[in-house]
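J.: Just passing along the structure, written as structure tokens.
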Amino acid sequence: MLLLGCAVACGGGAITHRYVDTEVGVVDALGAPHDTSYTATAEMEREQIRIAVFERSLCDKLKMKVVHHVDQSVQGDKVISSEPPTTIQRAAGTDGVVSCDERWARNAWVALRVGDQTFRLGAPSARGEVNANLSAELRQSLNAENAPPEAVVVVNGVDAGKVSLSGYASHETRINALLEELRGILSKDVDKLTPAEIAHSYELYEQLDQLDSGNDARIAGLRKRFIELVYQRKQREATENMKRNISALNDAKGILPALAAGIVPPYVVTAVQSGATTTDALLWARGEVALALRQYPALCAGGPFGWGRLGGGDYAPKARLAFSYLRYAYDDPFQTEVQALCTRSR
């Protein structure tokens, strides 16, 4: 018990105040966090990387005395009044350190180190996640002849985990093989291609379309050549050759909600939503129409092709979107092109 007192002049006798402190227990408390460390898990798919970062700090474990602090008024030896006790804590030393502030990382910068080069990816979301497309410079490092099998995740300049590059390497190997095979077919004179080679070009094109992240110039170039092959002419890009069918555009917009995320490239979604007829979107739609005619033979059966056939079958939303978008761009004359494509795709 701690007694502190002071004298107060008062008529009829001296009144003093004293503070009485009574220890009633001991509790643990944590000091300020320090020595923050990070752990990261990462996964890579195609040219996308997803990293989740968790942070953990250390805190001193403090011992704190719990004290009841009472203000008493005393006259002579008699306590004449007492204020209600207040509870305070006083430091009584430390008892080691413990983990604290364990949470998804925040206010951190995440990077990826490949060999001796480091590439900044960005800051984590509220759930500690960083999602990024691999930059051209980073892809170049990953495709280097002596590229390491793993990359290191770096958070605030500190190593926080590793990600295997084997998935990316196998993805690139597969793309390179498909590109080489499709180039071999498309480099030939159109008139000299056999039906088997044309059929195989469809298969290769579809596989590349499934693997493409949308920013591979090699695939984009072969896509244009493929369209030239299957339509046997240069693509009409001049807007004066196009006729607008607003009803078809509205049909295309209505199909968008039925498409799962990532099924259609973002530039196609933007073109449909805005009613733009961009070269890239038209190119994509022509490729999808060519694939749909082979996937759904009923579209080419029973006489010349007409738009009404699209309403009489269970066709994938992606295929219906492509047809509606091209009908919007070229209107009814495009039926003739589709019919010619039906003849060549058999």
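Read-outs throughout are calculated quantities, based only on the coordinates presented, and are distinct from any laboratory measurement. Here the structure is a predicted model, which is why all the values come from computation and not from measurement. All Cβ positions, glycine included, derive from the backbone under ideal geometry; neighbour counts span all protein chains shown.
J.: Cα to Cα, under 28 Å, and not fewer than 8 places away if on the same chain: which lysines meet these conditions relative to Lys253?
T.: Partners found: Lys224, Lys234, Lys243, Lys318.
J.: Can you give the net charge of the other residues whose Cβ lies under 14 Å from the Cβ of His200, counting K and R as +1 and D and E as -1?
T.: -2
J.: Work out how much length Ala261 to Ser164 would gain on full extension: take 0.36 nm times their residue separation and subtract the Cα-Cα distance, in nm to one decimal.
T.: Details: separation 97, 0.36 × 97 = 34.92 nm, distance 2.55 nm.
That works out to 32.4 nm of additional length.
J.: Another one. Would you mind calculating the gained length between Arg90 and Asp116 on full extension (0.36 nm times residue separation, minus the Cα-Cα distance), in nm to one decimal?
T.: That works out to 4.3 nm of additional length.
J.: How long is the gain from Ser37 to Ser82 if the chain were fully straight, where each residue apart is worth 0.36 nm and the alpha carbon distance is subtracted?
T.: In short, 11.2 nm is gained.
J.: Still on this structure, I have one more. How many angstrom separate the Cα center of region 66-131 from the Cα center of region 258-296?
T.: 54
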